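These notes concern the structure reproduced below.
The values are calculated or read from the model by the stated rules, or taken from the named source; none is laboratory data. Source: prediction; values computed, not measured. Note that we place each Cβ from the backbone using ideal geometry, even for glycine, and neighbour counts take in every protein chain shown.
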Amino acid sequence: MNILVINCGSSSLKFQLINSDSEQCIAKGLCERIGIEGSQITYSPEGGEKEVNVTPMPDHTEAIRLVLEALTNPKTGVVKSLDEIGAVGHRIVHGGEKFAASTVITDEVMKAIEECNDLAPLHNPANLIGINACKALMPNTPMVGVFDTAFHQTMPEEAYMYGLPYEYYQKYKIRRYGFHGTSHSFVSKKAAEDLGKKYEDLKIIVCHLGNGASVSAVKNGKCVDTSMGLTPLEGLIMGTRSGDMDPAIIEFIAHKEGKSIDEIMSILNKKSGVQGLSDNLSSDFRDLEAEHNKGNANATRTLKTYCYRVAKYIGSYVAAMNGVDVICFTAGIGENAALVRSWVCQYLGYLGVTIDEEANHKRGEDVVITTPDSKTTVMVIPTNEELAIARETVRLVK
Ligand code: AMP
């Protein structure tokens, strides 16, 4: 069965068509600047030429229409008709406490997703627009929602509650939810599979280090803690997000700089993280590494602070699970930045971690980067959220 995986943002839409039998991606692409002047669709069929087409996309329905047109194009398409698309899997950012698993999308489910809009005001409305656009053009094709938060719903109360007045949880459901759940689930399962061990027997820590970044603790096949919170702002230092900090800093900056809460939130989300900490050198680790190698003190400080925070989270999850068997690195930085992995692992001597630097420099494959006598296994596992969404979709529609 061919599964169309849709990841819809407010002005962008990423898509992949995945054959669920071979688990191969047969075409993928991206619509950008939806509803904005200069919109364009990029389409790459497997084994074919990448096409970029600048064309008006006033709304998401038009974007989806162009995606379906590209997929069925007689010359460059990969399917003859829409009948060859068996189901659509939608990535949905926030499922609140309502969704602890993926689900077939019905009118009731759409209402429940809408009720989570307050928790993810930038993402959930866009996800719903994507679902509506697909429903309009493929009314008889089953749709499945896969939630970024669902995998973390197994966290115990002590891990998800904040030290705030309890009424805020009762009234507004303010608690830790966590994100990147599809990736944490995919990577932790893959680690067990690669090592030939039972998922339910392992204590695994997954470091998803991308532009957004989070760590999770997976004990006996269930997530027991994760670093992102009510929103994706908490936890690690990220590309442009601050991660953990003293909440009183918000008031301090507001007074010193005469800024509103909205302005400060925008700084914490868009101008902080490694971008801010490096004094605006870059949010990209390729640049930071290159600058560090040239002796740039801003880059060195940034990389050191970043790795220290990751190591501290690993330590806290070792405590939460009373041990760890496997630590996995994934996503853009986790998969590619050998220096970051090496520096993080330098803090892990107490876990008996010994890095094999030759293995640590391999790229693009699942690899164990510790020596055979290392007490804890450290792995690099490329994440594949689209494949995980396709698998969930097939499971629910078959
Ligand atoms: P993601 O959000 O998972 O796509 O990760 C994107 C981030 O990965 C980029 O902003 C870079 O910081 C980082 N990245 C990608 N490629 C490399 C690389 N070859 N070396 C170091 N960092 C990389």
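What to note about this one:
- Candidate set: region 308-354, residues that are within 15 Å of the ligand (Cβ to nearest atom) and polar (S, T, N, Q); chosen: the one nearest to I237 (Cα to Cα): T330
- Looking across region 160-177, the residues that are loosely packed, with under 15 Cβ neighbours inside 10 Å and part of a loop (DSSP other than H, G, I, E, B) come down to M161, Y162, G163, L164, P165.
- Under the condition of being in contact with a Lys or Arg (Cβ under 7 Å, 6 or more places away or on another chain) and of a type in the set (A, V, I, L, M), the residues counted in region 175-218 number 1.
- Hey, E335 outside any loop (DSSP other than H, G, I, E, B), surrounded by fewer than 23 Cβ atoms within 10 Å (Cβ to Cβ), in contact with a Gly (Cβ under 9 Å, 6 or more places away or on another chain) and at pLDDT 95 or above or not: yes
- All positions within region 170-218 that are of a type in the set (K, R) and closer than 25 Å to D118 by Cα: K171, K173, R175, R176
- Count of residues meeting criterion [part of a helix (DSSP H, G or I) and either touching a helix residue (DSSP H, G or I) at 6+ places or on another chain (Cβ under 6 Å) or not polar (S, T, N, Q) (or both)] in region 306-332: 17
- One residue alone among E157, E167, E108, E114 is closer than 26 Å to S216 by Cβ and among the charged types (D, E, K, R), and that residue is E157.
- Among the residues of region 1-42, those that are within 22 Å of T55 (Cα to Cα), surrounded by fewer than 22 Cβ atoms within 10 Å (Cβ to Cβ) and among the β-branched types (V, I, T) comprise I36, T42.
- Identity of the residue in region 243-262, away from the ligand (no atom under 16 Å from the Cβ) and surrounded by 13 or more Cβ atoms within 10 Å (Cβ to Cβ), that ends up nearest to P232 (Cα to Cα): D244
- Of all residues in region 9-26 being small (G, A, S) and in contact (Cβ under 8 Å) with a residue 24 or more places away in the chain, the one that is nearest to E84 (Cα to Cα): S20
- Strands (runs of 3 or more DSSP E) lying entirely in region 16-81 (those with 3 or more residues that are within 19 Å of M138 (Cα to Cα)): 24-32
- Residues in region 267-300 that are away from the ligand (no atom under 16 Å from the Cβ) and exposed (fewer than 15 other Cβ atoms within 10 Å of the Cβ): D279, G295, A297.
- Qualifying residues in region 355-398 (those that are in contact with a Cys (Cβ under 7 Å, 6 or more places away or on another chain) and more than 16 Å from the ligand (Cβ to nearest atom)) - the one nearest to E193 (Cα to Cα): M379
- When region 198-231 is filtered for residues that are assigned to a strand (DSSP E or B) and either surrounded by fewer than 21 Cβ atoms within 10 Å (Cβ to Cβ) or more than 16 Å from the ligand (Cβ to nearest atom) (or both), the ones remaining, listed by number, are K203, I204, I205, A217, V218, K219, K222, C223, V224, D225, T226.
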